[in-house]
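Note sheet for the following structure.
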Amino acid sequence: METSQHDQNITDITSSEFWRQKQEWIKQMRLQFSRRPEFPETYSMVDDEGMLNQEYFQPPKDAQPVVERKWGDDEKSKLLVGIEKYGIGHFREISESLLPEWSGNDLRMKSIRVMGRQNLQLYKDWRGNAEDVRREYERNKEIGLRLAAWKGGALVYDDDGLVLKAIEESNQATPP
């Protein structure tokens, strides 16, 4: 009975010699690509035979565990106080004074949700209390739903400029 090429390939893959050669190839690739002369610290990643140094990939002994942050009503209230005190766009100041565990960029992203608008440029330096923010959110949501531009809890701009035109018209009728 003749063995097919497929059967031969399966035999090759299951042989210990195949796996030994594959491991040798992997070690050579590690040595060739993991060790970089311009980065001396890479020499401790892989030993001289191409085996990984498991300790290299462990966190440093003095590493502090990452504390999981939760965004809740207290954080949202502080963000609203910060928007009233410092204005939209001053997220670093809000972070430093009210929410130090959150970066300025984190707070910018949270403000997108709280204002209901993906692009906050037209709100630059705008200040408002919690009621003003709620009113702006509702205005943005109404525009977004009317123009099918309400995505993931925020008004997003369209390529045709209809959203921007609607925002400008709304702002003329009732300024933020």
Here the relative contact order (percent) of segment 20-84, from C-alpha pairs under 8 Å and at least 6 apart, is 20 percent
For G153, net neighbour charge (Lys/Arg +1, Asp/Glu -1) across residues whose Cβ lies under 13 Å away: +4
Skipping prolines and chain starts, which residues have an amide H placed within reach, meaning under 5 Å, of the one on L155, given they are 5 or more residues away or on another chain? R117, Q118
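Fully extended, how many nm does the chain gain between K141 and K70 (0.36 nm per residue separation, minus their Cα-Cα distance)?
Numbers: separation 71, 0.36 × 71 = 25.56 nm, distance 2.53 nm.
Taking K141 through K70 to full extension adds about 23.0 nm, to one decimal.
Measure up K78/K110; K85/K151; K85/K124; K110/K141; K70/K110; K76/K124 against 21 Å on the Cα-Cα distance and list the ones that go over. Can you show the working numbers first?
Working: K78/K110 12 Å; K85/K151 29 Å; K85/K124 13 Å; K110/K141 16 Å; K70/K110 12 Å; K76/K124 19 Å.
Violating the 21 Å limit, Cα to Cα: K85/K151.
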Would you kindly find the accessible area of F91, with a 1.4 Å probe and non-protein molecules such as ligands, DNA and RNA excluded, rounding to the nearest 10 Å²? 20 Å²
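The values are calculated or read from the model by the stated rules, or taken from the named source; none is laboratory data. The model shown is predicted, which means the values in this text are computed figures rather than measured ones. Cβ atoms come from the backbone with ideal geometry, glycine included; neighbour counts cover every protein chain shown. Just the protein is used for accessible areas: all its heavy atoms, side chains included, with ligands, DNA and RNA removed. Shrake-Rupley method; radii C 1.70, N 1.55, O 1.52, S 1.80 Å.
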